[in-house]
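Each remark here refers to the structure printed beneath this line.
The values are calculated or read from the model by the stated rules, or taken from the named source; none is laboratory data. Note that the coordinates shown come from a computational prediction; the quantities given were computed from them, not determined experimentally. Glycine gets a Cβ as well: all are built from the backbone with ideal geometry, and neighbour counts include every protein chain shown. The protein model used for the area step is the full one, side chains on, heavy atoms only, and it has no ligands, DNA or RNA in it. Shrake-Rupley method; radii C 1.70, N 1.55, O 1.52, S 1.80 Å.
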Amino acid sequence: MSVDEDETQQRLKVAVHYAVGRLCQRMGEDHRRDFSRQVVAAIAETTFRQCDTFAKDLEAFARHAKRSTVSSEDVKLVARRSTALSVYIQNKSEELNQEQRDLKKKNTGKRRSRDTEEESRE
C-alpha cells in the first residue's frame, strides 16, 4: 500500500469512527445508555472492515462481469446475506428506477411541447 493509499485509509477510518461515535451518542441519548470508548472503537472497526469487504466484493463482481463500473445489481448481490439490507436496497433501487422513468417522461413531454411550438411557428 502506498503512502497516499495508507493516508486515505486512515482518513476513512477516522470518518467512520466519527460517524459511529455520533450515532452511538444519539442512540445513547434516545435510550438513556452510554457507550464506552472501547465499544465505539469496536463498532467502528467492525463497520470499517465490513465496508472494506463490501468494496472488494463489489469490485470482484464487476470484474467478473468484465465491467469497470459497479452496477446496482452488484450491490444487490453483496446485500444478499442480510435480508433487511437486501430488502432496503431493493426498495431503494426500485425508487431510483421509478424516479428515472418519471424524469424521462417529463423530459420527453417537454421535448414534444417544444416541437409542437416550433411547428406552429412555421
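Here are a few things to note about the model shown:
For (1) of a type outside the set (Asp, Glu); (2) at pLDDT 95 or above, each residue gets a yes or a no:
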residue: Arg33; (1), (2): yes, no
residue: Val40; (1), (2): yes, yes
residue: Ala44; (1), (2): yes, yes
residue: Thr47; (1), (2): yes, yes
residue: Asp52; (1), (2): no, no
residue: Asp57; (1), (2): no, yes
residue: Ala60; (1), (2): yes, yes
residue: Lys66; (1), (2): yes, yes
residue: Ser71; (1), (2): yes, no
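- Pair list, Cβ < 8 Å and 6+ apart or interchain, from the range 64-89 residues that are on the phi < 0 side of the Ramachandran plot and of a type in the set (D, E, K, R) to residues that are in a loop (DSSP other than H, G, I, E, B) and open to solvent by less than 70 Å² (accessible area, probe 1.4 Å): Asp74/Ala65
- Residues of the range 47-58 classified as surrounded by fewer than 12 Cβ atoms within 10 Å (Cβ to Cβ) and among the hydroxyl-bearing types (Ser, Thr, Tyr), total: 1
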